[in-house]
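Right, one structure below, let's go through it.
None of the figures in this text is laboratory data; all of them are computed from the coordinates on show. Because the structure is predicted, anything quoted here is derived from the model rather than measured. So basically every Cβ, Gly included, is an ideal-geometry build from the backbone, and we count neighbours across all protein chains shown.
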Amino acid sequence: MATWAGTEVSALNPLRVLWLTLAATFLLTLLLQLVPPGLLPGCAFFQDLIRYGKTKEGAPPRPAACRAFDVPKRYFSHFYIISVLWNGFLLWSLTHSLFMGAPFPNWLHGLLRILGTAQFRGGELALSAFLVLVFLWLHSLRRLFECFYVSVFSNAVIHVVQYCFGLVYYILVGLTVLSQVPMDGRNGVVIHCNHRIPFGDWFEYVSSPNYLAELMIYISMAVTFGFYNLTWWLVVTYVFFSQALSAFLSHKFYRSKFISYPKHRKAFLPFLF
């Protein structure tokens, strides 16, 4: 075990460095939100970058320059359109490679080598990557269906940087899955924009069970890869801190808006945080 850990840590390829950097960035951002407001100077631009939707209401006053970079939160659907198309293509490519012996396109093969394709273990890792890509594609398809037919979006906004990050994220996460393969060399009308305190099921324990469920999805993918796949656990680490940040900001919003908000309810992890 110790030998494996040492080998894995020493082999920091570009993907691992990227996911480790993202995880560290969101961890630092989360820690900064836990600092009492009087101890650090406020920064409207920073708060604008990390908040979206309802959590922007709890942020410092937004300069007009910040509003110029707003895009509608309903654009979330674009993330899943990109994911269904891109990760569907990656799944198609991997399926042809695994079951028909067809090579990846040259440009994809070269990109994977640059990012750091797995150079260890054997065919069982390729099958694990296939299953994870299937899970990721189905997850994206479900979220796209929810955006078109379940969710009713208000006039909430996100920052254009967050929008671009979301587009790149689903491209990157699919490439991360594929890099683990060893290679040779809702529509509707807004009824109201008021928020209510939800009760029942997971809401009795955390303010944002959707963020917790997102984490659990990625953990299940990590289990599919195996407990010793460092690259995917770095993805899970990033997802943990990014979802924890979003959950914390939502929890803070609810507690500031509702005097009767349940005091026992945590932000992200039941009984812990």
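Under a model in which nothing but the beta-carbon of Lys, Arg (+1) and Asp, Glu (-1) is charged, the chain shows a dipole of about 920 debye around its Cα centre. Rounded to the nearest 0.05, the FRET efficiency derived from the C-beta distance between ASN13 and SER220 at R0 = 35 Å is 0.90. Dipole orientation for the chain: of the candidates ILE259, LEU230, PRO103, ILE259 has the Cα lying most toward the positive pole (charges on Cβ; Lys, Arg +1; Asp, Glu -1). Taken over the stretch 221-262, the convex hull of the Cα atoms encloses 68 Å³ per residue. Taking the centroid of alpha carbons for each part, the stretch 236-273 and the stretch 55-97 are 22 Å apart. Phi-derived couplings, Karplus 6.51 cos²θ - 1.76 cosθ + 1.60 at θ = phi - 60°, listed residue by residue for the stretch 134-143: 4, 4, 5, 5, 5, 4, 5, 5, 5, 5 Hz, with x used for Gly and Pro.
For the stretch 64-187, a simple Cβ point-charge model (Lys and Arg +1, Asp and Glu -1, everything else neutral) yields a dipole of about 340 debye relative to the Cα centre.
Each stretch of four or more DSSP H residues adds -39500 (n - 2.57); spread over every residue of the chain, this sum gives -20500 deg cm²/dmol at 222 nm.
A quarter of the convex hull surface defined by the alpha-carbon atoms of the stretch 64-187 gives 9.0 nm² as the mean projection.
The peptide list 221-227, 171-177, put in order of mean Cβ contacts within 10 Å with the highest first, becomes 171-177, 221-227. Of the residues GLY174, LEU90, VAL161, the one whose Cα sits farthest toward the positive end of the charge dipole of the stretch 64-187, with +1 on the Cβ of Lys and Arg and -1 on the Cβ of Asp and Glu, is VAL161.
Each peptide in 128-139, 241-252 was scored by the mean count of other Cβ atoms within 10 Å over its residues; highest first, the order is 241-252, 128-139. Going through [x] 19.7; [y] 20.4; [z] 18.7, the figure that equals Kirkwood radius over Cα pairs in Å as computed for the structure here is [y].
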